[in-house]
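Read through the structure below, which is laid out as structure tokens, and then see the notes.
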Amino acid sequence: MRQEDIDRIAEALDTLKCKTQKEVEEARVKLLGKKGEITALFEDFRNIDRTEKAKFGKVLNELKQKALARIDELKSQAGNDDTQNGPKMDLSMPGDPFELGSRHPVSIVRQEIVDIFRKFGYDVAEGPEIEDDYHVFEALNFPPNHPARDMQDTFFVSAGHLNPLLLRTHTSSVQVRTMERMPVPIRVICPGRVFRNEAISARAHCIFHQVEGLYIDENVTFADLKQAILLFAREMFGPETQIRMRPSYFPFTEPSAEVDVSCNICHGKGCNICKGTGWLEILGCGMVDPNVLEASGIDSKRYSGFAFGMGLERIAMLKWRVNDLRHYFENDMRFLHEFATAPEV
Ligand code: PHE
């Protein structure tokens, strides 16, 4: 072992230059790797004379520490590849912009409907999605054995109870809560998510969205209902829109009707969207059954009212002609992006 060898390596360390991480690693291997110069000196050290051990032990350790520190220093200075020896990234480059989200088609339709009824003086009311039997069925005049109360149609959260909890099957429950809470006159719409035990297909889903409405005052008649629906339909589907009402049945309204709007695609001539009839079904409605008013403490001799309800996916289907309900729930970005340019509502 010679002092000159040690000094030579120490000096070389001071002037060592590396441009890239690869060169730093090569330098490390050359000095400290298995066959490195410093490693070789340590091997020599085993064979030297005892008297020299004290002297060389110290310098050798100092040399090793110096080499390790120098390698670390070079490592932090070197670039990442052979062509780059500046900082690892160009901080002056413009960043990747965040992609702007877009409104979901169901939200767009809900907002449009809410805006229309707001203009007519309706308030928006919301209520719980997990409801009790009373607010979804009992207070709405459903007889005890009505099929909607069946497990085949309704998701129960707790069964075998006098007033079981369930996932609401319509937002009419919010109308009941409103009648319980608010003084007459009442004018509300109730948008919200509803649940029915249906097998998922292009035409049915176990989750969908509704907007239901309720209007209660003195002297409210079927003519008022008809006018409200006609005005709504013209705002929603265009000023030329016609409506027609077909008699129907709901436990909570009497009389009840189903409303069709004139097909705005073929203008009544008949096309595949309206299945050749010229009409599209959009909602259910009727005069609130006196039993429903009384159940919520409203005097049915003095007050009358109408109610209506529609499915938002159904309206969205008519608006954009997306004829598979599943698209509304799968969150496929290709589908959602289709609505990115829809007007901000
Ligand atoms: N609640 C009914 C449904 O979910 C819709 C409706 C509301 C019908 C109000 C008439 C009056 O299908």
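The values are calculated or read from the model by the stated rules, or taken from the named source; none is laboratory data. Computed from a predicted model, the values in this text were never measured in an experiment. Note that we place each Cβ from the backbone using ideal geometry, even for glycine, and neighbour counts take in every protein chain shown. Calculation scope for accessible area: heavy atoms of the full protein, side chains included, ligands and nucleic acids excluded. Shrake-Rupley method; radii C 1.70, N 1.55, O 1.52, S 1.80 Å.
Identification of helices (runs of 4 or more DSSP H) wholly contained in the stretch 1-98 with 2 or more residues that are touching a Cys at 6+ places or on another chain (Cβ under 7 Å) and open to solvent by less than 70 Å² (accessible area, probe 1.4 Å) yields 21-32. Which of the residues spanning the stretch 288-319 are of a type in the set (A, V, I, L, M, F, W, C) and farther than 20 Å from Ala125 by Cβ? Hits for the stretch 288-319 are Ala316, Met317, Leu318.
Residue check: is Ile216 within 14 Å of the ligand (Cβ to nearest atom) and within 33 Å of the chain's Cα centre (by Cα)? Answer is no for this residue. Within the stretch 206-239, being acidic (Asp, Glu) and open to solvent by 40 Å² or more (accessible area, probe 1.4 Å) holds for Asp217, Glu218, Asp224, Glu235.
Selection of the stretch 126-153 for residues being surrounded by fewer than 22 Cβ atoms within 10 Å (Cβ to Cβ) and within 18 Å of Gly311 (Cβ to Cβ) yields Glu126, Gly127, Glu129, Ala148, Asp153.
Taking the criterion of being in contact with a Ser or Thr (Cβ under 7 Å, 6 or more places away or on another chain) and among the hydrophobic types (A, V, I, L, M, F, W, C), the residues of the stretch 217-275 that qualify are Val220, Ala233, Phe250, Phe252, Ala257, Val261. For the stretch 236-262, the tally of residues that are without any contact (Cβ under 8 Å) to a residue 60 or more places away in the chain and within 14 Å of the ligand (Cβ to nearest atom) stands at 13. May I ask you to verify whether Arg110 is open to solvent by 10 Å² or more (accessible area, probe 1.4 Å) and within 16 Å of the ligand (Cβ to nearest atom)? So Arg110 passes the test. Scanning the stretch 328-345 for residues that are among the hydroxyl-bearing types (Ser, Thr, Tyr) and modelled with pLDDT of 85 or more turns up just one, Tyr328.
Within the stretch 193-209, is even one residue touching an Asp or Glu at 6+ places or on another chain (Cβ under 8 Å), assigned to a helix (DSSP H, G or I) and within 13 Å of the ligand (Cβ to nearest atom)? Within the stretch 193-209, not a single residue is touching an Asp or Glu at 6+ places or on another chain (Cβ under 8 Å), assigned to a helix (DSSP H, G or I) and within 13 Å of the ligand (Cβ to nearest atom). The residue that is nearest to Ser173 (Cα to Cα), among those in the stretch 250-294 that are acidic (Asp, Glu) and open to solvent by 40 Å² or more (accessible area, probe 1.4 Å), is Glu294. For the stretch 312-341, a residue qualifies if it is in contact with a Phe, Trp or Tyr (Cβ under 6 Å, 6 or more places away or on another chain) and either closer than 26 Å to Ile216 by Cβ or open to solvent by 40 Å² or more (accessible area, probe 1.4 Å) (or both), and exactly one does: His327. Scanning the stretch 276-291 turns up one or more residues that are of a type in the set (A, V, I, L, M) and modelled with pLDDT under 95. Only residues that are hydroxyl-bearing (Ser, Thr, Tyr) and either away from the ligand (no atom under 16 Å from the Cβ) or not assigned by TED's automatic domain parsing to the domain that holds Thr171 (or both): list them for the stretch 273-299, please. Thr277, the sole residue that qualifies. Can you find even one residue in the stretch 170-178 that is modelled with pLDDT under 95, open to solvent by less than 20 Å² (accessible area, probe 1.4 Å) and away from the ligand (no atom under 12 Å from the Cβ)? No, the stretch 170-178 contains no residue that is modelled with pLDDT under 95, open to solvent by less than 20 Å² (accessible area, probe 1.4 Å) and away from the ligand (no atom under 12 Å from the Cβ).
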